[in-house]
Protein chains: 2
Amino acid sequence: MRESELLEHIYARTAGLGRTHPDVIVGPGDDAAIVRTPAGDLLALGVDQLVEGRHFTAQTPPELVARKALARSLSDLAAMGADPCWALATCAVPPTCQHARELADAIHHWGERFACPVVGGDLSATSGPLVLTTTTIGRTSRPVTRAGVRPDDLICITGPVGDSLATGHHLTFTPRLRESREMVDRLGSDLHAMIDVSDGLVQDARRLAQASGVRIEIELERVPLRTPTRPAPRAICDGEDYELLFAIQPDRAQEALGTVIGRATAGEPTCAVLDAQGKELTLPTGGYDHDLGAQE
Amino acid sequence: MRESELLEHIYARTAGLGRTHPDVIVGPGDDAAIVRTPAGDLLALGVDQLVEGRHFTAQTPPELVARKALARSLSDLAAMGADPCWALATCAVPPTCQHARELADAIHHWGERFACPVVGGDLSATSGPLVLTTTTIGRTSRPVTRAGVRPDDLICITGPVGDSLATGHHLTFTPRLRESREMVDRLGSDLHAMIDVSDGLVQDARRLAQASGVRIEIELERVPLRTPTRPAPRAICDGEDYELLFAIQPDRAQEALGTVIGRATAGEPTCAVLDAQGKELTLPTGGYDHDLGAQE
């Protein structure tokens, strides 16, 4: 079964969660969940896991493993327009691990650095690769989901994409929390929708389009690239950028903290990438999807 | 490095967290963290992981794996005197997994059954055993920590201990949420301290004693046993009972939802087990502690 198929199954299963649980404002399928506490706070709940051999290697310094674990989960909060409050960290540790204490220290260090103190967690031994799971909880006054893009919106991105693995960006990026907070403040309800680009620009733009029921057109020449030598059609399918892709009211482009790379139109909910002549490109099959084991 | 050593290191490192972060009421080292939201809700944040081959086997039905994952994390909330609100579930799935969808369905099913809907999560592939991590968030009006036991308190337990693995109890227990809620309501501030018994009665009683700075004496003959044929000195060192061990004001025994098994005294913070003659027993080294890999 593919990861994407299982996720679709889960999203379909839980689509009505907010009807039976009115305190669940946003359930599975966005960057993070949004819930309302009894006293009325809106909290964003994000969780993310790093698996050794997949998201980092046995040679990655523990400092950077810890940083990436927290940063990925905080990038999800940023995508919801939330400010970090608290984190939990759990680790399944293999017997070969030489640096469990260094990793634990680094997790607490980065929690402080990212203004998201690690308040609890869990440890277990495992016979397999190290798995580090980070839950982050944030607060928001105005949650921004994937579902708000409207026709004629401008589509923007907070920074360059592509080549994240080769350049090491995936280990050292700073989650776009400041940009998110400033845009929520500046743009208010004119910030229509947001997602963090973790599985490749095209794939995440497609998710934004599908959640909103609009067509998104990206002009390839406008997309900022991390590495000028990386062909743009590849860079926009690379993963692990951790930039924010967002949609705004067309007259607010001056206040967006990012580059305008396209626009939304009424139409089939997908992402089209246009060349300099406005012609739609055929892209290599892009984005991340994993086999989760054979399903009958 | 032993799991217990690393945990001690983390607890020492984070002991002052509440001073720098006043919204952190209880940090690492209790059954769950307690935080205060901006509008004043007290939330309990618990997290727990199940590793295949350690907490369940490849033959354990997915239904029971999901149930145990949620129940363990909810048992932590019960130990803090918290009611469940929302859960997050993350899974690292090996390529050999035949039942990822069944497991996902069961997680959502048990979230509903335990009144703790699963509002989000994360999936990843792994080359190792399946790791299922469950974060639960609850609310509490009066957090109950491990640190409140006073000399002369009665020590009680909500149910029998021992033989949990052989009997399958570890897969089918119901977290003591109802008992916790009722006792918080009935006993108020006379419910002094609580812990969930996951690593063996003696080891968890010792944690309660150490957190509170008192000596705890357990009378072996009073301890209810799950299996009458299991020798009591072994049963009190078995793990995975998921009962609540708690300390109350001595005149409130009638209202406790459990059995009185001992009392607290001023003295060296440890747990002593006494035989019918009041003589202290020497126990087999008990409780759970795992090697987390060689530390230099």
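The values are calculated or read from the model by the stated rules, or taken from the named source; none is laboratory data. Everything numeric here is computed off the predicted structure, so don't read it as measured data. Don't worry about glycine lacking a Cβ; one is built from the backbone with ideal geometry, like all the others, and counts go over all protein chains shown.
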Margin query: Any residue at all in region B:43-53 that's more than 20 Å from the chain's Cα centre (by Cα) and not assigned by TED's automatic domain parsing to the domain that holds B:Arg178?
Written below: yes
Next item on the list: For A:His109, state whether it is at negative phi and surrounded by 19 or more Cβ atoms within 10 Å (Cβ to Cβ).
Entry: no
Notebook entry, point to check: In region A:115-132, how many residues are more than 7 Å from chain B (Cβ to nearest Cβ) and surrounded by fewer than 20 Cβ atoms within 10 Å (Cβ to Cβ)?
Noted result: 1
Check: In this structure, does A:Leu171 turn out to be under 16 Å from the mean Cα position of the chain (by Cα) and either facing another protein chain (nearest Cβ under 7 Å) or not β-branched (Val, Ile, Thr) (or both)?
Finding: yes
Checklist line | Filtered residue count, region B:19-35, keeping only those that are surrounded by fewer than 17 Cβ atoms within 10 Å (Cβ to Cβ) and under 24 Å from B:Leu74 (Cα atoms) | finding: 1
Check: Looking at A:Asp199, A:Asp190, A:Asp163, which one is at positive phi and not basic (Lys, Arg)?
Finding: A:Asp163
Check: Before we move on, is B:Gly239 at pLDDT 95 or above, closer than 30 Å to B:Thr140 by Cα, surrounded by 14 or more Cβ atoms within 10 Å (Cβ to Cβ) and not charged (D, E, K, R)?
Finding: no
Check: With B:Val260, B:Val273 as the choices, which residue is assigned to a strand (DSSP E or B), surrounded by fewer than 16 Cβ atoms within 10 Å (Cβ to Cβ) and hydrophobic (A, V, I, L, M, F, W, C)?
Finding: B:Val260
Checklist line | Index of the failed condition, A:Arg54 passing every other in (1) surrounded by fewer than 24 Cβ atoms within 10 Å (Cβ to Cβ); (2) at pLDDT 95 or above; (3) not small (Gly, Ala, Ser) | finding: (2)
Notebook entry, point to check: A:Ala66 passes all but one of (1) without any contact (Cβ under 8 Å) to a residue 60 or more places away in the chain; (2) over 28 Å from A:Gly40 (Cα atoms); (3) buried (at least 24 other Cβ atoms within 10 Å of the Cβ); (4) touching a Leu at 6+ places or on another chain (Cβ under 8 Å); which number fails?
Noted result: (1)
Margin query: Being over 30 Å from A:Thr14 (Cα atoms) and among the small types (Gly, Ala, Ser) narrows it down to one residue among B:Gly188, B:Gly120; which is it?
Written below: B:Gly188
Next item on the list: Return the residue satisfying two criteria in turn: it lies in region B:242-257 and is touching a Lys or Arg at 6+ places or on another chain (Cβ under 8 Å) and buried (at least 20 other Cβ atoms within 10 Å of the Cβ), and of such residues it is farthest from B:Arg150 (Cα to Cα).
Entry: B:Tyr242
